[in-house]
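The values are calculated or read from the model by the stated rules, or taken from the named source; none is laboratory data. In this text the structure is predicted, and so the values were computed from the model without any measurement. Quick reminder, even Gly has a Cβ in these numbers, built from the backbone with ideal geometry, and neighbours come from all protein chains shown.
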Amino acid sequence: MTTATAVTQVPSVSRQLMRDTGYVLLGLPLALFGLVVLTAGLALGVGLAVLVVGVPIMTGTLYTARGLADVERLRLPTVLRMPRIRPRYLTPPPAAGPWRRIFTPIRDGQSWLDLAHGIARSVVAVVTFAITVAWWVVALAGTLYPAYDWALPYGPGDRSLADLLGLGDGPVARIGLNTAIGLIFLLTLPIVVRGCALLQAGFARGLLTGVAEMRDRITVLEEQKRAAVSAEAAALRRLERDIHDGPQQRLVRLAMDLSRARQQLATDPQAAARTLDEAIAQTRDTLAELRALSRGIAPPVLVDRGLPSAVAALAGRSLVPVDLTLDDRLGNPKGRLDPLVESTAYFVVAEALTNVAKHSGATGCAVTVQRHDDQLDVTVSDDGAGGAHVAKGHGLAGIADRVRAAGGVLRVDSPVGGPTVVRAVLPL
């Protein structure tokens, strides 16, 4: 590690230490407030439930727990370095009566998780608060001990910690031992405080956002599954249409030409030769169309040589001049991307360049493929007339389904008059 790197990391460690310390220290008063208010509300609500008045009290308690939970969710990103996640609570319909509105929070499972967190968090908060304060006190008292040792009233019969450990009773022994203890606690302070903050935040995350994260993940997986099915169905329909309109028609004509040539052999050999020449030309055209279709299913250059060569081949075949920029890391054979990511990125570029050639009226376009630590960024831009969108029935809709099935996001920025920017971000 260079000196510059070490210097730049010190402020980040100190900032995180301050954030973690503030999170733990503020957690105790919030936990005690929640324990008192929520326990009292829960007791009153349960005790007065027979008299009906306890039900509104219970609802108010659950709403209070929700408010305290929202405060905690606002604090979690400073420790866990994650975006804020808020569950979707049950909401009464607009025309619901007062009693239905009162019972809605009681029927919501997340409201009870908020209540459980508000009551039980005090145990975790007290433990983490005590450890954090003790570590800070020992670290500061030990490292600053040489500054105030002279002021401590050591009498003739008093024994210091150094004397009890057999290190001697002089000021040198006392200062050396206490300073060493302080330095040990100071060096371990960021680790210990970080652990306390993560313990408290992890407990909160499990109850306050764990169910929401699981639901969001299930929703994302369902959307990816639907997108994959939609993309596969669209690809099969397009393939069926292309085969019917292209190679199938040529093969029918080839069969007719061969039948006519067989009939002409006996009566007109020269006409039969011309018919056979036409049949050979039909065969070549059919093979060319089949090769083009195979590129739309599994391009050989992509399978054999990887994404950079495949994208370069697309740029070379484009009818519009292409300014191509590829990340150097993509050319490393040992660093090949996942086949799904490579295939999706290839078809994004292929479809975007097809749209540029057919609809944009552009005089030039740019293709950029950049690899980051955890994602692949594919951007195709042109100087055309704009107006591209991902509505159903258009080519970009199928590409959007492909990208979503791979866990990525497709963005299309194409105002009328241009320019058009198609960007796909794919997770690695």
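If Ala31 passes every condition in (1) surrounded by 15 or more Cβ atoms within 10 Å (Cβ to Cβ); (2) at pLDDT 90 or above; (3) under 25 Å from Thr104 (Cα atoms) but one, which one does it miss?
Checking Ala31 against (1) surrounded by 15 or more Cβ atoms within 10 Å (Cβ to Cβ); (2) at pLDDT 90 or above; (3) under 25 Å from Thr104 (Cα atoms), the one that fails is (3).
If Pro87 satisfies every condition in (1) surrounded by fewer than 16 Cβ atoms within 10 Å (Cβ to Cβ); (2) assigned to a loop (DSSP other than H, G, I, E, B) but one, which is the exception?
(1)
Does segment 34-50 contain any residue that is surrounded by 13 or more Cβ atoms within 10 Å (Cβ to Cβ), assigned by TED's automatic domain parsing to the domain that holds Trp136 and not in a helix (DSSP H, G or I)?
yes
Tell me, yes or no, whether segment 200-207 has at least one residue that is loosely packed, with under 14 Cβ neighbours inside 10 Å and either among the charged types (D, E, K, R) or modelled with pLDDT under 65 (or both).
No, segment 200-207 contains no residue that is loosely packed, with under 14 Cβ neighbours inside 10 Å and either among the charged types (D, E, K, R) or modelled with pLDDT under 65 (or both).
Which one of the conditions (1) buried (at least 16 other Cβ atoms within 10 Å of the Cβ); (2) modelled with pLDDT of 85 or more does Ile184 fail to meet, given that it meets all the rest?
The single condition Ile184 does not satisfy is (1).
Among the candidates Ala147, Ala151, Ala134, Ala130, single out the residue that is over 35 Å from the mean Cα position of the chain (by Cα), surrounded by fewer than 14 Cβ atoms within 10 Å (Cβ to Cβ) and closer than 30 Å to Gly41 by Cα.
Testing whether each residue is over 35 Å from the mean Cα position of the chain (by Cα), surrounded by fewer than 14 Cβ atoms within 10 Å (Cβ to Cβ) and closer than 30 Å to Gly41 by Cα leaves just Ala130.
Mind listing whichever residues of segment 368-390 are within 24 Å of the chain's Cα centre (by Cα) and in a strand (DSSP E or B)?
Selection gives Thr368, Val369, Gln370, Arg371, Gln375, Leu376, Asp377, Val378, Thr379, Val380.
May I ask you to list the residues in segment 352-367 that are outside any strand (DSSP E or B) and surrounded by 20 or more Cβ atoms within 10 Å (Cβ to Cβ)? Steps first, answer last, please.
Keep residues of segment 352-367 that are outside any strand (DSSP E or B), which gives 352-364.
Residues satisfying the conditions are Ala352, Leu353, Asn355, Val356, Ser360, Ala362.
List the number of the failed condition for Arg66; all other conditions in (1) farther than 22 Å from Thr209 by Cβ; (2) at pLDDT 90 or above hold.
(1)
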